[in-house]
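Data block below; observations after.
The values are calculated or read from the model by the stated rules, or taken from the named source; none is laboratory data. If you're wondering where the values come from, they're calculated on a predicted model, not measured in any experiment. Note that each Cβ is placed from the backbone with ideal geometry, even for glycine, and that neighbours are counted across all protein chains shown. Remember, those area values only see protein heavy atoms, side chains included, never the ligands or the DNA or RNA. Shrake-Rupley method; radii C 1.70, N 1.55, O 1.52, S 1.80 Å.
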Amino acid sequence: PELCVYVKERWPALAMGAAAFNTPKGADPAGEVALICPSTLASAISSDDPPLVLEATVGCAASGASCFVPGAVLFDLAAVDVYEEDATGSPLPLPGNYNLRPPAALRAALERHGVRARRRCVVYTQCRRHTTAAREAQERGHHHRYRPAASREGVADPIVAARLVWCLAYAGVERVALLDGGMSLWLDGGFPVAGEPSPAAPVADFFDGRGGAFPRRPEYRASVEEVAAAVAASGGGGGGGGGLRIGDVRAPCEFAGEGHDYAYAMPHGRIPGALPARWGPSTFVGSEYYAPRTGVLRRLITD
């Protein structure tokens, strides 16, 4: 289809990463998202051309972490996303809230973290989520379900890393990889760790003087207006007619309009014509996409 939309815009990154299991050997990886295993990353870090390793975090989610992939730079998603919240941590009902920042601010954030279009980036996260709903007001809001990284409790949340992967691909980083299994598999494999993250080394120009439009891959993101126009043009159907296919990557209860697990009010229902694209039993547990304990991605495409 000409336009393929997923309701949770962070999840195309996981889908692309899982599809990398079936990437033909010898294929040119430039400009594509791929999965990388811990052993391959360990070799790359010690090579003459090491990747930029980014540990994706959300707010205080990394507080208390005692070990990191060597050379990893912390990257809080607040640097690239708009977070407008009230005193309880609930999102304000503003257009564009919890979405990517405008291009100029997004590019500046990437440059502050040392991201360049031609340098390979590898992303992982140590974020884990509670599995029970928050009941206290002070636990509410965008960060209410995250546990300290050092606890190793709760369920893995590769969403955080996947969103940054998607952001980097959208911006135009030519080679982006998601560390399969994140810190869990890195530790299980006995690979070396650092006691603290590395400081960011800012760069002056995302394109290293080559110029070009930013973002380089705007087709990786569909606006509300584009989706609404496409739905209208297809007569309200999203199942493939008129070049449009909408995949709703949410829990069954959310797709059916029966409820959700957010700690704040959210509208119920789905985009007209959307198809269920599978997810998992609840808003925050995508067990059909990854193993909840480790975050290892499941194979989405079979031979």
Give, as a single signed number, the net charge of other residues whose beta carbon lies under 14 Å from the beta carbon of Ala232, with Lys and Arg counted +1 and Asp and Glu -1.
-2
By the scheme Lys and Arg +1, Asp and Glu -1, what is the net charge of all other residues having a beta-carbon under 15 Å from that of Leu94?
-3
Taking amide H positions as placed 1.01 Å from N in the peptide plane, with prolines and chain starts having none, which residues 5 or more places from Ala263, or on another chain, fall under 5 Å of its amide H?
Gly141
The long-range amide H neighbours of Thr57, using H built 1.01 Å from N in the peptide plane and a cut-off of under 5 Å, are Phe75, Asp76, Leu77
Ignoring ligands, DNA and RNA, what percent of the 1.4 Å accessible area of the stretch 171-276 is carbon and sulfur?
56 percent
